[in-house]
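Values in this text are rule-based calculations from the coordinates and carry no lab data. Because the structure is predicted, anything quoted here is derived from the model rather than measured. In this analysis, Cβ positions are derived from the backbone assuming ideal geometry, glycine residues included, and neighbour counts consider all displayed protein chains.
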Amino acid sequence: MQFSLRELINPFPRQEEFLKAVNIYKYPLYGGAKGGGKSRILRWALVRFLLQRAKEKHKKVRVGLFCEDYPALKDRHLTKIDSEFPHWLGTLSDSSIEGLSFVLRPQFGGGVIALRNLDDPSKYASSEFAAAGIDELTKNKRETFDQLRSIVRWPGIEHNPIMAATNPGERGHAWVKKLWIDRNFETGDPDSRQVFFVKSLPTDNPHNTESYLQELRNLPEKLRKAYLEGNWDVFEGQYFTEWNRDRHTVSPFLIPPSWKKYRSYDHGRDAPATCAWYAVDHDGRVWTYRELYKRGKNVDELAFEINRLSEGETYEYSIADPSIFHKTGFVDRYGGQTIAETFAHNGIMFIPGSNRRLDGWNLFHQYLACSDFHMPKIIYFSTCLDSIRTIPTLIHDEIHPEDIDSAGEDHAADRDRYFLMSLHERKTLPPPTEAEKKLKQMQERDFNLNTFYGPA
């Protein structure tokens, strides 16, 4: 049977650009705003991939179309496939061998689109797919994406794309934005040369009605930027809707010597550890002028870096994640039993921050608030890249919407929360605890332990 695949898909120009990207790149991503026709072109891209492989004599090739859970899979794809894919092309079935899938007819290669959800991606550990399509990529954690990377392979087929479509927002916003929008790559990330983004706006889709576009134009400014313009700094579910890159960031300048300086720290090893340096001006405005953001480092190594970056400066105090004051079960080389004690032995005296999360976030909102007539009360130097990257990407927790979803990259925000709370709480601080007294005594010994033992 002869037919025109292009006429069958009938892509508009932006969708056609995505289809071309699927042929070239390992990790093409499509979308970025409302109404771009994302789900439709993703499933048709998989059909096209199977038909191309059949033309190359590859029979019964298997690809996967994934959504974050079954209800999403049903709403976005199952209800559409039966009416959208012609019956002469293949059949939608639920067999004991292939499970829920769309199977092309033998004359078209007998390829299979396995329709799957990602509520537990580990169940696909022994599966193989020649290609994968992930709908609404930002609804997934980075670990889910990496698990799929490990199972997309097929004998005899060299090009195995993992294509995706998404809007900004949701729990995976930060890592998706980092790779496809900011193009900030680290060890373990996909090859940057194989990561490609096709931005699609609602105005690119000729099937959107003028009334729908006008509704998007009439939205409040932030939502209009997200839904109509595809702005990844503003999106549905965003926790800190006050964030405005133009107002919350500034080029570095020399800190006046009369401003008081502080530090704050949030601990991590598998997750990033981060320290920030703040200066508070005479109006009480906080300037975040330096940050350290490292993953996989020992406490001694982190202390060495913090000391190096702090050289020549003095601080009113340094605040930290209260969990570093809990006993770890391990003893460091100085005999300390907590992370805070190890820092103290390296000359860094932290005091525990407050873990009153909701009070801290409310305060953070107040410091970020700004208008055309009022500057925000917290501003970041443009060199604080990880703060600028992660804080605006945080979203509301689904169960406790007044809190942040801790599945996001919230380390810089937690660090800043400890500090902002300390500014207010230390105005009426109770006497120091025994733990604080002990750490201060260790720091005030008549010799410098960091110099005595040498850097880690």
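For residue 114, what is the net charge nearby, where nearby means another residue's Cβ is under 14 Å from its Cβ and Lys, Arg count +1, Asp, Glu -1? Once all neighbours under 14 Å are counted, the net charge is +1. Phi-derived couplings, Karplus 6.51 cos²θ - 1.76 cosθ + 1.60 at θ = phi - 60°, listed residue by residue for the range 105-111: 5, x, 5, 10, x, x, x Hz, with x used for Gly and Pro.
Is there a pair in 222/261; 141/377; 225/294; 38/225; 20/60 whose C-alpha atoms are over 27 Å apart, and which pairs would that be? Before the final figure, lay out the partial values.
On the way: 222/261 34 Å; 141/377 32 Å; 225/294 32 Å; 38/225 19 Å; 20/60 23 Å.
Those over the limit are 222/261; 141/377; 225/294.
Projecting label points 7 angstrom from Cα along Cα→Cβ for residue 6 and residue 123 puts them 4.1 nm apart.
Beta bridges per DSSP, both residues in the range 220-376: antiparallel share near 75 percent. Using a simple spin-label model with pseudo-atoms 7 Å out from Cα toward Cβ, residue 311 and residue 95 lie 6.8 nm apart. Over the chain, DSSP H runs of length four or greater, each weighted -39,500 (n - 2.57), average out per residue to a 222 nm ellipticity of -8500 deg cm²/dmol.
With the simple model of a label 7 Å out from the Cα in the direction of the Cβ, residue 157 to residue 283 spans 6.0 nm. Residue separation of residue 383 and residue 141 scaled by 0.36 nm, minus their Cα-Cα distance, works out to 84.5 nm of gained length.
Given DSSP loops and a limit of at most 12 other Cβ atoms within 10 Å, what is the longest stretch of the chain that contains no such GluC sites (Glu not before Pro)?
On the way: sites that count: 56, 158, 186, 311, 313, 398, 402, 444.
Result, exposed sites excluded: 187-310.
Backbone geometry of the range 235-245 corresponds, through the Karplus equation with coefficients 6.51, -1.76 and 1.60 at θ = phi - 60°, to 3J(HN,Hα) couplings of 7, 5, x, 4, 7, 9, 5, 6, 4, 9, 4 Hz, x marking Gly and Pro.
Expressed as a fraction of 2.2 N^0.38 Å, the C-alpha radius of gyration for the chain is 1.16.
Suppose we keep just the DSSP beta bridges with both residues in the chain; what percent of those would be antiparallel, to 5?
Numbers: 28 of 60 bridges.
Here the antiparallel bridges make up roughly 45 percent for the chain.
Computed over the chain, relative contact order equals 15 percent, with contacts defined as Cα pairs under 8 Å that lie 6+ residues apart. Under a 5 Å amide H cut-off, with hydrogens placed 1.01 Å from N, residue 405 pairs with 395, 396, 397 among residues at least 5 apart or on other chains. Working value for the range 5-220: equivalent-ellipsoid semi-axes of 26, 22, 17 Å, each the square root of 5 times a Cα gyration tensor eigenvalue, largest first. Under 5 Å between amide hydrogens, built in the peptide plane, is the criterion, and for residue 319 it picks out 263, 264, 265, 351 among residues at least 5 positions away or on other chains.
For the range 181-213, the list of chymotrypsin sites (Phe, Trp or Tyr not before Pro) that fall in a loop by DSSP and count at most 15 other C-beta atoms within 10 angstrom reads 185.
Which FRET efficiency, nearest 0.05, do residue 372 and residue 150 yield, Cβ-Cβ r, R0 35 Å? E between residue 372 and residue 150, to the nearest 0.05, is 0.10.
Over all pairs of different C-alpha atoms, the range 147-250 has a mean inverse distance whose reciprocal, the Kirkwood radius, equals 16.4 Å.
Cα centroid separation, the range 163-219 to the range 338-373: 32 Å.
Length gained on full extension, residue 426 to residue 403, computed as 0.36 nm times the residue gap minus the Cα-Cα distance: 5.9 nm.
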